[in-house]
Amino acid sequence: MLIVGELKFLKTHRKTIVTGHYGSGKTEFSVSLAMLLANKLSSANAALADSPYHRLALIDLDIVNPYFRSREQRELLENAEIRVYGSMYETEITAELPALGATVRTPLEDKNCRVIVDLGGNDTGALILNQFKKYFIDGESEMLAVINANRPETATVNGVLEHLSAIETATGIKVSKIVNNTHMLQETTADDIFKGNELCKKVSKVLDIPILCNCYPSRIVDETELTELPEHLLPLGLYLRPTWLDKT
Amino acid sequence: MSGKVLMKGNEAFSEAAIRGGCRYYFGYPITPQNEIPEYMSRELPKHDGHFIQAESEIGAIMMAYGAGAAGGRVFITSSSPGIALFQEGISLMCSAQVPTVILTVSRCGPGIGGIQPGQADYFQATRGGGNGDYRVPVFAPSSVQEGVDMVYQAMELSDKLRNPVMIFTDGLLGQMMEPVVMPDFVPVPKSDEIRKGKPWALTGYGKDDSKRNTVTSLRIVPDVLEKYVHGLFEKYEQAEKELCRVETFDIEDADMVIVAFGTVARITKEAISMLKEQGIKVGLIRPISLWPFPYDVFNKISPKTKVVISAELSMGQMIQDVELGIAKRFPVRLINRTGGTIPTSLEIAERAKKIYEEIGG
């Protein structure tokens with residue numbers, strides 16, 4: 001079922017934690033999700049016209065990756081009226097300082113703010129969530145696991161289960177939905193997305209949690225190639241990757 | 001893991017080392033290469049390999065010296081300030097002719113500097129900071145796949161040369177994700193088979209072997225040392241002939257030639273296509289081996305070329321080798337960034353065009 005431009009399926013909880021292994025594309029997903037929600041919020045689209053949220057924030061809790069972090073896209077996000085929270089050294093994107101400012105709590109406490117939390121790449125990176133745990137056990141939160149079946153660690157059902165279990169153990173929060181983001185960067189084909197969907201279906205069955213959506217890089221894969229997929233489709237913008245990385 | 005997979009550079013280099021026969025890794029954490037010790041600590045034991053987190057980089061390279069002397073295949077990695085601490089051991093291993101593969105995931109300096117990518121360790125890699133006369137072959141990939149292939153092949157090369165071999169990457173290559181195809185696992189000799197391939201190794205007295213080996217860096221008699229160093233340099237001379245690698249395009253018919261390696265070469269390729277759209281013919285020289293440096297390729301540059309540019313993430317280090325290759329035949333200019341900022345392809349194109357116009361092109 002193809003529902004591009006119809007984002008009702010994203011209108012669930014106020015706070016969305018996005019987790020996923022390195023290379024799953026969770027940061028790309030988080031940024032794209034925020035951008036899509038920002039467009040909908042500002043254009044007062046009918047799908048979200050009744051949204052109780054007046055503000056949108058992206059919290060970058062990825063303190064384990066030194067490069068390719070969502071706060072690097074601060075300007076793009078803030079131009080779309082998305083508030084970015086993260087390291088207390090806000091303008092110092094290159095600093096090797098895993099320190100978070102107290103302001104990170106602001107959007108979590110603001111009942112009118114829709115929040116996306118970009119969590120670090122493994123169970124060690126996810127540990128940071130513990131200090132904010134009280135904000136995520138109030139029924140207003142969900143934790144999405146972004147899966148890329150082309151990553152060796154999450155290429156099998158057991159690999160995914162092991163990874164999700166480690167994240168859940170580290171955070172004490174259960175994964176509520178799966179996001180299929182199977183990609184090979186610029187070499188992504190529809191087959192990759194179908195392959196990932198198969199894997200996610202098996203994981204979904206074992207854990208008894210739904211697949212939220214299948215992501216696709218809209219500049220590379222045409223959505224019409226994916227119409228057979230039963231779940232929602234979410235176009236990703238590839239905001240983080242410089243063009244020269246893939247042209248040469 | 002078969003077929004194409006998506007891997008982070010640091011993980012892919014680690015897996016390539018294991019597949020190339022590495023069973024010993026000694027390391028100490030430093031950004032932006034920390035995924036390597038993490039990966040090796042997790043994966044090496046699955047292949048009956050050994051991981052030790054050393055007390056420092058100096059400890060790590062000395063462990064590599066010991067394990068290499070005993071005939072093991074060793075992989076050690078670090079980033080710029082850590083590679084600085086390796087230098088004593090690199091000199092020792094070159095002197096004692098002990099193989100190891102060293103990978104640097106270079107960041108910016110000097111000193112502790114920052115954690116973003118840099119190429120200001122060009123001198124450190126190609127000239128070295130250890131004492132005495134020695135050489136280390138250095139190869140610089142510009143993609144994760146190329147880095148994988150280099151690490152894998154360096155395992156064999158290092159054994160063959162009985163010398164450390166260095167792979168020079170930068171933080172961006174270490175941290176970026178790219179599709180890669182992994183090579184097959186090479187067979188690893190059992191401990192009682194090591195002497196077949198490495199008759200010099202310290203493997204103890206075997207059942208059928210009464211010869212006692214010595215691996216040493218100490219030669220106290222001047223004549224003995226002089227003869228020994230000459231022997232080393234016969235080996236390096238041969239290596240210079242055999243190991244030189246370079247990628248070029250369009251240098252025989254270029255208005256301008258840009259020389260760049262690693263990440264910068266990749267950005268430069270996009271810059272060159274931008275310049276071509278503006279009617280400027282630009283050739284590229286990408287040194288793949290930094291030592292030996294491909295000086296000879298500079299003889300192929302067209303006489304009508306107006307200027308040769310060295311593009312680097314440093315204040316200008318490779319440019320000295322470029323000038324040696326050019327031998328005053330063309331003006332040489334520098335396009336550089338330092339401190340961890342990577343130039344965009346547009347920035348390189350604009351700066352190259354400005355230089356070209358200033359030179360009268």
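Pick out, from region B:1-75, the helices (runs of 4 or more DSSP H) lying fully within it that include 2 or more residues that are within 14 Å of chain A (Cβ to nearest Cβ) and within 20 Å of residue B:185 (Cβ to Cβ). Working first, answer last.
Numbers: elements: B:9-19, B:35-43, B:57-69.
The qualifying helices (runs of 4 or more DSSP H) are B:9-19, B:35-43.
Filter region B:262-293 down to residues that are in a loop (DSSP other than H, G, I, E, B), farther than 22 Å from residue B:145 by Cα and of a type outside the set (S, T, N, Q), then give me how many there are.
Filtering region B:262-293 for residues in a loop (DSSP other than H, G, I, E, B) gives B:278-281, B:288, B:292-293.
If we keep only those that are farther than 22 Å from residue B:145 by Cα too, we end up with B:278-281.
Imposing the further condition that a residue be of a type outside the set (S, T, N, Q) reduces the set to B:279-281.
Going through region B:262-293 one residue at a time, the tally reaches 3.
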With buried (at least 21 other Cβ atoms within 10 Å of the Cβ), under 23 Å from residue B:29 (Cβ atoms) and out of contact with any strand residue (DSSP E or B) (no Cβ under 7 Å at 6 or more places or on another chain) as the only criterion, which of B:154, B:120, B:125 stands out? B:120
How many residues are surrounded by fewer than 24 Cβ atoms within 10 Å (Cβ to Cβ) and either farther than 22 Å from residue B:128 by Cα or within 14 Å of another protein chain (Cβ to nearest Cβ) (or both) when one looks only at region B:267-297? 16
Looking at residue B:352, is it outside any loop (DSSP other than H, G, I, E, B), away from chain A (no Cβ under 14 Å) and either among the small types (Gly, Ala, Ser) or in contact with a His (Cβ under 9 Å, 6 or more places away or on another chain) (or both)? yes
Pair list, Cβ < 7 Å and 6+ apart or interchain, from region A:108-122 residues that are modelled with pLDDT of 90 or more to residues that are in a loop (DSSP other than H, G, I, E, B) and among the basic types (Lys, Arg): A:114/A:14; A:115/A:14
Checking residue A:209 against (1) in contact with a helix residue (DSSP H, G or I) (Cβ under 7 Å, 6 or more places away or on another chain); (2) of a type outside the set (Phe, Trp, Tyr); (3) surrounded by 15 or more Cβ atoms within 10 Å (Cβ to Cβ): exactly one of these is not met. Which one? (1)
Consider residue A:241 against the criteria (1) within 13 Å of chain B (Cβ to nearest Cβ); (2) farther than 13 Å from residue A:20 by Cα; (3) surrounded by fewer than 16 Cβ atoms within 10 Å (Cβ to Cβ); (4) more than 17 Å from the chain's Cα centre (by Cα): it satisfies all of them except one. Which criterion is unmet? (4)
Screening B:354, B:300 for residues that are basic (Lys, Arg), in contact (Cβ under 8 Å) with a residue 24 or more places away in the chain, farther than 18 Å from residue B:120 by Cβ and assigned by TED's automatic domain parsing to the domain that holds residue B:256 leaves only B:300
Given the criteria among the hydroxyl-bearing types (Ser, Thr, Tyr), in a strand (DSSP E or B), at pLDDT 85 or above and out of contact with any Cys (no Cβ under 7 Å at 6 or more places or on another chain), does residue A:16 qualify? yes
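The values are calculated or read from the model by the stated rules, or taken from the named source; none is laboratory data. Predicted model, so just to flag it, every value in this text is computed and none were measured. Here Cβ is always computed from backbone atoms with ideal geometry, including for glycine, and neighbour counts include all displayed protein chains.
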